[in-house]
Amino acid sequence: MTAFLETNKQRFLDELLELLRIPSVSADSRFKDDVRRTAEFVRDKLTAAGLDEAQLFETAGHPIVYAEKIVDSAKPTVLVYGHYDVQPADPYELWHSPPFEPTIRNERIYARGACDDKGQFYMHIKAIEAMVATDGLPCNVKVMIEGEEEVGSDNLGTFVREQSELLKADVILISDTSIISNETPSLETGLRGLSYVEVQVTGPNRDLHSGVYGGGVANPVNVLCEMIASLHDENGRINIPGFYDKVADLSDEERSELAKAPFDLEEYKRDLGINDVMGETGYSTNERTSIRPTLDVNGIWGGYTGEGAKTVLPSKASAKISMRLVPNQTPNEITELFTRHFTSIAPAGVQVQVTPHHGGMPYVTPVDSVEFEAASKAFEEAWGKKPIPTRGGGSIPITALFEEVLGIKSILMGFGLDSDALHSPNESYGLFNFYKGIETIPYFYKHYAALKS
Ligand code: BES
Ligand code: MN
Ligand code: MN
């Protein structure tokens, strides 16, 4: 195995770079053909890795890639999940090298999708290839790589419901999360959910002269800003009635357990170029970004934003708002609470419209399972250290659905770093992480097969 990985190192990287060159932006229909080309590329690499039945399943949106290798029906089955779609690369001008021309600098691969999730799911294909080519697979494996994770996985949900027989497995293995650092491996034991809405405030029936009408008519941009500002109180808590009603509070023990994860606040601030952090009173930065819910404006617009100054009182203002959810909040309930509250605080001079976008359930995975133990042992063997359990702040909505529909728990064996700039300009993935992941994954199979037998 070690020899195989060493001999094929350069080829593995070259293939990943080829994958990163295809701009598989799921949100933007201009990339539709590229998204399909990416799926075909992945399918062909699954075949080349020695998997059977590699194929595309068509959906109402982008195709799902699937392949499997059943070595022995008496052995347990691992279902690998990942996504080959990526976030839009905008703003392009902030990239130091073009997002779809992967470039290696300081031992890192710079490209959109380098970490999220092409670099990470591709490790699985190479790890499977290595197992097949050397000692053989110790478990059965099914691989499902989708093309719509970054837009909410709606069609995957339908696919999972329809194909529950095909997807039968004992554990789901996902590399689409982060570790604490390359010196401190960790395993995420939970993900936040998501509720995403777009709001629009409409005032006068047209843009107005801000001198002639200013002062006498509600300005939708002013109003929207005030409404948004009122959504947090002075303690950083979200001011929506009922918002915290179902939030699962952690016990002091659980909190002190999580607090053991090393965290360097100065380094955190330096990385982000900020002088101070902020958030909900009474919680640490790590807690604020994992076990506590949030409300954030993701984008806001309205009025004149072009060059120079145009004196105009805009007719409309809009914003996109995300709320990260924690157990036991549900996106439907939270979206409804938001809508009711946001509409109720609108002043008389404007009209407010709230449009829900995609959402997702929060997810937690138990740490006392055979699956978690196998993952923990795999890290220990490859990294020489036991991984620290952490709770993640991001969302992978399909994990909750896997549990609900298939009854299978997911293991979040990610190898990225929060500083990899996922969704940002200059996303990157460390070569160390790519190779270390390929080395760690086969250990999971080995320990899992042993623990299950
Ligand atoms: N891989 C991320 C989620 C993630 C990143 C989890 C880092 C933990 C650590 C995933 O691709 C993602 O971006 N998910 C979206 C959700 C979706 C519904 C668009 C997110 O979290 O914003
Ligand atoms: Mn991802
Ligand atoms: Mn993502």
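Using the per-residue mean of other Cβ atoms lying within 10 Å as a proxy for protection, in what order, highest first, do the peptides 438-445, 357-364 fall?
Going from most to least packed, we get 438-445, 357-364.
For the stretch 155-220, what log10 I(q)/I(0) values come out of the Debye formula at q = 0.21, 0.24, 0.29 1/Å, with one point per alpha carbon and no solvent?
Cα-only, vacuum Debye calculation for the stretch 155-220: -1.07, -1.11, -1.24.
Can you tell me the mean projection area, over all orientations, of the convex hull of the stretch 194-244's alpha carbons? Units nm², please.
Here the figure is 5.2 nm², rounded to one decimal.
If I take every Cα pair under 8 Å that is 6 or more residues apart in the chain, average their sequence separation and divide by the length, what percent do I get for the relative contact order?
Dividing the mean separation by the residue count of the chain yields 25 percent.
Quick check on the exposure proxy: order Ile172, Ile70 from fewest to most C-beta atoms within 10 angstrom.
Going from sparsest to densest Cβ surroundings: Ile70, Ile172.
Which of Ile180, Val141, Gly152 sits farthest toward the positive end of the charge dipole of the stretch 133-180, with +1 on the Cβ of Lys and Arg and -1 on the Cβ of Asp and Glu?
Val141
Classify the stretch 119-195 from the C-alpha gyration tensor, please: rounded if a/c falls under 1.5, else prolate or oblate depending on whether a/b exceeds b/c.
The shape class here is oblate.
Of Ala421, Leu431, Gly282, which is farthest along the charge dipole of the chain in the positive direction, counting Lys and Arg as +1 and Asp and Glu as -1 at C-beta?
Ala421
Given a Förster radius of 30 Å and the C-beta distance between Ala450 and Leu56 as r, what FRET efficiency does 1/(1 + (r/R0)^6) yield to the nearest 0.05?
0.30
Give, to the nearest whole percent, the P(r) tail of the stretch 266-390 beyond 24 angstrom, counting all Cα pairs.
Of all Cα-Cα pairs in the stretch 266-390, 57 percent lie more than 24 Å apart.
Report the calculated FRET efficiency for Ser344 and Asp44 (r = Cβ-Cβ distance, R0 = 60 Å), to the nearest 0.05.
About 0.65, to the nearest 0.05.
Tell me, Met123, Met278, Met227 in order of fewest to most beta-carbon neighbours within 10 Å?
The order, fewest Cβ neighbours first, is Met278, Met227, Met123.
Normalised by the residues of the stretch 251-343, what does the relative contact order come to in percent, with Cα pairs under 8 Å and at least six apart?
This gives 21 percent for the stretch 251-343.
Rank these for me by crowding, Thr184, Thr390, going from fewest to most other beta carbons within 10 Å.
Least to most surrounded, the residues fall as Thr184, Thr390.
Just the Cα atoms of the stretch 22-145: what Rg and Dmax do they give in Å?
Both quantities, over Cα of the stretch 22-145: 15.9, 54 Å.
With only alpha-carbon pairs counted, each pair once and no self-pairs, how large is the Kirkwood hydrodynamic radius of the stretch 190-349 in angstroms?
It works out to 18.1 Å.
How far apart, in nanometres, would the label points at Glu253 and Glu373 be if each is projected 7 angstrom from Cα along the Cα-to-Cβ direction?
1.9
What do you get for GluC sites (Glu not before Pro) in the stretch 166-233 restricted to DSSP loop and a cutoff of at most 13 other Cβ within 10 Å of the site's Cβ?
Glu183
Out of all Cα-Cα pairs in the chain, roughly what percent, to the nearest whole number, are more than 41 Å apart?
20
Computed over the Cα atoms, what is the radius of gyration of the stretch 380-453 divided by 2.2 N^0.38 Å, N being its residue count?
Relative to the rule-of-thumb radius for its length, the stretch 380-453 sits at 1.31.
Calculate the spin-label point distance for Asn235 paired with His209, positioning each point 7 Å from the Cα along the beta-carbon direction, and give it in nanometres.
For the pair His209/Asn235, the computed spacing is 5.0 nm.
Report the FRET efficiency, 1/(1 + (r/R0)^6), for Phe4 and Tyr92, where r is their Cβ-Cβ distance and R0 is 25 Å, rounded to 0.05.
That pair, Phe4 with Tyr92, gives E of 0.05.
Hey, what's the Cα Rg ratio for the stretch 319-435 versus the globular rule of thumb, 2.2 N^0.38 Å?
Cα Rg divided by the expected 2.2 N^0.38 Å: 1.44.
Could you size up the charge dipole of the chain around its Cα centre, putting +1 on the beta carbon of Lys and Arg and -1 on that of Asp and Glu, and report it in debye to the nearest 20?
Approximately 360 debye in magnitude.
In percent, how large is the relative contact order of the stretch 81-167, given Cα pairs closer than 8 Å and 6 or more residues apart?
37
Per residue, how big is the convex hull around the C-alpha atoms of the stretch 289-349? Give it to me in cubic angstrom, could you?
Roughly 110 Å³ of hull volume per residue.
Do any trypsin sites (Lys or Arg not before Pro) in the stretch 286-319 lie in a DSSP loop with no more than 16 other beta carbon atoms within 10 Å, and if so, which?
Qualifying residues, ordered by number: Lys310.
Taken together, the values in this text are just the output of simple stated rules run on the coordinates, not laboratory data. Just so it is clear, the structure is predicted and the values come from calculations on it, not from any experiment. Neighbour counts are summed over all protein chains in view; Cβ atoms, including those assigned to glycine, are modelled from backbone coordinates with ideal geometry.
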